[in-house]
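Student: Sharing a structure here in structure tokens format.
The values are calculated or read from the model by the stated rules, or taken from the named source; none is laboratory data. Quick caveat, the model's predicted, so the values are computed rather than measured. Using ideal geometry, Cβ is built from the backbone for each residue, glycine included, and neighbour counts are taken over all protein chains shown. Heads up: the accessible areas ignore ligands, DNA and RNA and are worked out on the full protein's heavy atoms, side chains in. Shrake-Rupley method; radii C 1.70, N 1.55, O 1.52, S 1.80 Å.
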Amino acid sequence: MNISPTATARLDQMIAELSDGERGWARETLASRRALLMEVHANVAAHAEEWVRVAGEIKQLPAGSPLLGEEWTSGPWAVLGYTPALAETLTRLEQGRDLLDGFRFGAAPGDRVAVDVLPHHVYDRLLLSGFKAEVWMEPGVTEGETRERAGLALRTPEITAGVAVVMGAGNVTSIAPLDVLYQLYAYNRVVLLKLNPVTDPLLPVFEAVFAPFIDRGYLRIVTGDASVGDHLVTHLDVDAVHITGSEATHDAIVWGAGGAGAGAKAAGTPRLKKPITSELGGVSPTIVLPGRWSKADIRFQAEHIATQRLHNSGFNCIAAQIVIVSAAWPQKREFLAALRAAVAAAPGRPAWYPGCELRVDGARAAHPRFEAVGGTPERTLLWDLDLADGAETAFATEYFGPVLGVAELPGTELEFLDAAVDAANERLHGTLGANIVIDPRTRRRLGGRLREAIARLRYGTVGVNAWTGVGYLTARATWGAFPGHPLDDIGSGRGVVHNSLLLHRPERTVVYGPFRPLPRSVMTGQLSITPKPPWFITNRTAAVTGRRLTAFAARPRWSALPGIFASALRG
């Protein structure tokens, strides 16, 4: 579809306005940039109800559905957690302080340093009890270099970097706002945000939220089809591009579409000459370490993995797609039966994201022995996948929908873990996130060897008893693919976002969570008072808890905590 002359003129005018606005952005002090950020914070709080209402309509969720909790936590709550974290970084820069003063540094395998980023304050310790996150820097990066280079482009705010086009995601509603803020603050660029057509109904909300930046000429937001996006990313006055989407869309931007694009990629001659960063999803594994689990453990972790696949109807770039279990685990059959039951019993929801039926049908066509377990489109399980089969499409195709595969490997404990890490690295496409489920007893027996296995996983976020989606929600963590993808084999993308500490050369985020929820966590000696998390698809009070968490993030106060805990415990 060709873009009209009127639309072209409008887009060109917006880019010209941003080029003018860049000069104003260069003049903004750190203090004024912090003030603008907190205006956005206030606007998100003011429009959170509308944001979630519109998101629920996009995803065809009934007004009273507990699943609206997903829209609270992955929408306004995520942004409300990020803005004050980034504002704290700005305050420290303004005061000339070490950005990482008070953050604990530790060692990670392979000549790496790790920075603890969660919990950060007492509210984290209460609301995310038992959860921990750390950012591992690239091998060889020292603590001194990490401290010295933190701050990125905000170290020299007067030196701006032009106009960036952000191609917004269509699946999770906080992605585009967070990507915009990262371009503005980490890269020091003004931004033109092009919404994914799926999220076009949120345009009025985003315009209201970002009004301080729009009014000053630092941001423009547009809607439109692929021709609009193509005009923007190839515009001579656009200096950089960021995309959250599919590998195919990335390649169309970088190399061109169709046969011409394929030829350019083969020849190594990209049509896009400007910098591009990207987050593109992939085939994410969940590695289940064998151990001696109670029936309640099996049931809870089955729900956990079902959540990793079916949260947001399965339309998450970080959704688990391949579960890797030990063939030698005595409880394997019991666990897989519980996993099947959890997937089958998950709340019904529409296939709201375009192309879902085609992707599910494609998975089924390639696996005639698939099992359908209910839902619309029907949730699909692919059993007995062979990690040694080089032709297995489930390891190379991100299904982006309710399809979950299961593969087995021999061995127990370390032997199994090492084989699973090798398989995840070598057989599965992409490097965005990997999950590990391990009981406390097995974890103690493995000791430091678990951390060594984590170091070998080539993934941008690794979750241990915590879905990697928790890393996405952690403001001070980094989010993105494992570094090193070339443009012609882009995998899960290049660069990171979020990263409110503005760390230079991060490699990955590692998130840890409790193996058991309250009260079993306390009864078995775990230091965690977290019940079933609100992002679990089986949480009955997720919408209420999500709304209360969002209100708390907008205005943290001790008096709000009892209501949050009460709702969470009922979940």
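Student: Kindly provide the set of residues from the range 104-125 that are under 29 Å from LYS532 (Cα atoms) and within 23 Å of the chain's Cα centre (by Cα), ordered by number. Spell out the reasoning first.
Tutor: Here is the first cut: in the range 104-125, the residues under 29 Å from LYS532 (Cα atoms) are 104, 114-125.
Selection gives ALA114, VAL115, ASP116, VAL117, LEU118, PRO119, HIS120, HIS121, TYR123, ASP124, ARG125.
Student: Further question: Would you mind finding the one in ALA568, ALA554 that is farther than 30 Å from THR442 by Cα and either open to solvent by less than 50 Å² (accessible area, probe 1.4 Å) or of a type outside the set (Val, Ile, Thr) (or both)? Even if it seems obvious, please write down each step before you answer.
Tutor: On the way: ALA568 fails: farther than 30 Å from THR442 by Cα.
That would be ALA554, the only listed residue that is farther than 30 Å from THR442 by Cα and either open to solvent by less than 50 Å² (accessible area, probe 1.4 Å) or of a type outside the set (Val, Ile, Thr) (or both).
Student: Go through (1) of a type in the set (A, V, I, L, M, F, W, C); (2) farther than 25 Å from LEU68 by Cα; (3) out of contact with any Gly (no Cβ under 9 Å at 6 or more places or on another chain) and name the single condition TRP352 misses.
Tutor: With respect to (1) of a type in the set (A, V, I, L, M, F, W, C); (2) farther than 25 Å from LEU68 by Cα; (3) out of contact with any Gly (no Cβ under 9 Å at 6 or more places or on another chain), TRP352 is out only on (2).
Student: Might you check whether a residue that is basic (Lys, Arg), part of a loop (DSSP other than H, G, I, E, B) and surrounded by 13 or more Cβ atoms within 10 Å (Cβ to Cβ) occurs anywhere in the range 379-388?
Tutor: Yes, the range 379-388 has at least one match.
Student: Moving on. Mind checking which pairs have a first residue in the range 164-176 that is on the phi < 0 side of the Ramachandran plot and a second that is in a loop (DSSP other than H, G, I, E, B) and among the aromatic types (Phe, Trp, Tyr), Cβ under 9 Å, 6 or more apart or different chains?
Tutor: Close Cβ pairs (under 9 Å, with a partner that is in a loop (DSSP other than H, G, I, E, B) and among the aromatic types (Phe, Trp, Tyr)) amount to ALA164/TYR187; GLY170/PHE315; GLY170/TYR353; ASN171/PHE315; ASN171/TYR353; ASN171/PHE400; VAL172/PHE315.
Student: Select, from GLU148, GLU158, the only residue that is modelled with pLDDT of 95 or more, assigned to a helix (DSSP H, G or I), closer than 26 Å to PRO506 by Cβ and not polar (S, T, N, Q).
Tutor: When all the criteria are applied, what remains is GLU148.
Student: Now, a different point. Out of all the residues in the range 212-266, which are assigned to a helix (DSSP H, G or I), of a type outside the set (Ser, Thr, Tyr) and open to solvent by less than 30 Å² (accessible area, probe 1.4 Å)? Step through it out loud before you land on a result.
Tutor: Restricting attention to the range 212-266, the residues satisfying the condition of being assigned to a helix (DSSP H, G or I) are 212-215, 226-233, 247-254, 258-266.
Of the ones still in play, those that are also of a type outside the set (Ser, Thr, Tyr) are 212-215, 226, 228-233, 247-248, 250-254, 258-266.
Once the filter is applied, which keeps residues that are assigned to a helix (DSSP H, G or I), of a type outside the set (Ser, Thr, Tyr) and open to solvent by less than 30 Å² (accessible area, probe 1.4 Å), the range 212-266 yields PRO212, PHE213, VAL228, GLY229, LEU232, VAL233, HIS250, ASP251, ILE253, VAL254, GLY261, ALA264.
Student: Go through the range 509-524 residue by residue and tally those that are touching a residue at least 24 places away in the same chain (Cβ under 8 Å) and either under 15 Å from PHE300 (Cβ atoms) or in contact with a Pro (Cβ under 8 Å, 6 or more places away or on another chain) (or both).
Tutor: Residues flagged as touching a residue at least 24 places away in the same chain (Cβ under 8 Å) and either under 15 Å from PHE300 (Cβ atoms) or in contact with a Pro (Cβ under 8 Å, 6 or more places away or on another chain) (or both) within the range 509-524 amount to 9.
Student: All but one of (1) without any contact (Cβ under 8 Å) to a residue 60 or more places away in the chain; (2) in contact with a strand residue (DSSP E or B) (Cβ under 8 Å, 6 or more places away or on another chain) hold for GLN13; state the number of the condition that does not hold.
Tutor: Evaluating GLN13 over (1) without any contact (Cβ under 8 Å) to a residue 60 or more places away in the chain; (2) in contact with a strand residue (DSSP E or B) (Cβ under 8 Å, 6 or more places away or on another chain) leaves (2) as the failure.
Student: Taking the range 319-357 on its own, how many of its residues are more than 17 Å from GLY411 (Cβ to Cβ), in contact with a strand residue (DSSP E or B) (Cβ under 8 Å, 6 or more places away or on another chain) and open to solvent by 10 Å² or more (accessible area, probe 1.4 Å)?
Tutor: Within the range 319-357, residues that are more than 17 Å from GLY411 (Cβ to Cβ), in contact with a strand residue (DSSP E or B) (Cβ under 8 Å, 6 or more places away or on another chain) and open to solvent by 10 Å² or more (accessible area, probe 1.4 Å) number 2.
Student: So in the range 528-548, with the set limited to residues that are in contact (Cβ under 8 Å) with a residue 60 or more places away in the chain and over 20 Å from PRO347 (Cβ atoms), which one is most open to solvent (accessible area, probe 1.4 Å)?
Tutor: ILE529
Student: Being among the hydrophobic types (A, V, I, L, M, F, W, C) and modelled with pLDDT of 95 or more is the filter; apply it to the range 1-28 and report the residue that is surrounded by the fewest Cβ atoms within 10 Å (Cβ to Cβ).
Tutor: Filtering first and then ranking leaves ALA9.
Student: Filtering the range 492-508 down to residues that are touching a His at 6+ places or on another chain (Cβ under 9 Å) and not in a loop (DSSP other than H, G, I, E, B), which residue is farthest from GLU143 (Cα to Cα)?
Tutor: Checking each candidate, the answer is GLY493.
Student: Let me confirm something: among ALA176, ALA186, ALA169, ALA161, which residue is of a type in the set (A, V, I, L, M), surrounded by 15 or more Cβ atoms within 10 Å (Cβ to Cβ), more than 24 Å from the chain's Cα centre (by Cα) and under 30 Å from LEU236 (Cβ atoms)?
Tutor: One residue alone meets the criteria, ALA161.
Student: Check ALA306 against each of (1) part of a helix (DSSP H, G or I); (2) surrounded by fewer than 23 Cβ atoms within 10 Å (Cβ to Cβ); (3) of a type outside the set (Val, Ile, Thr) and name the one condition it does not meet.
Tutor: (2)
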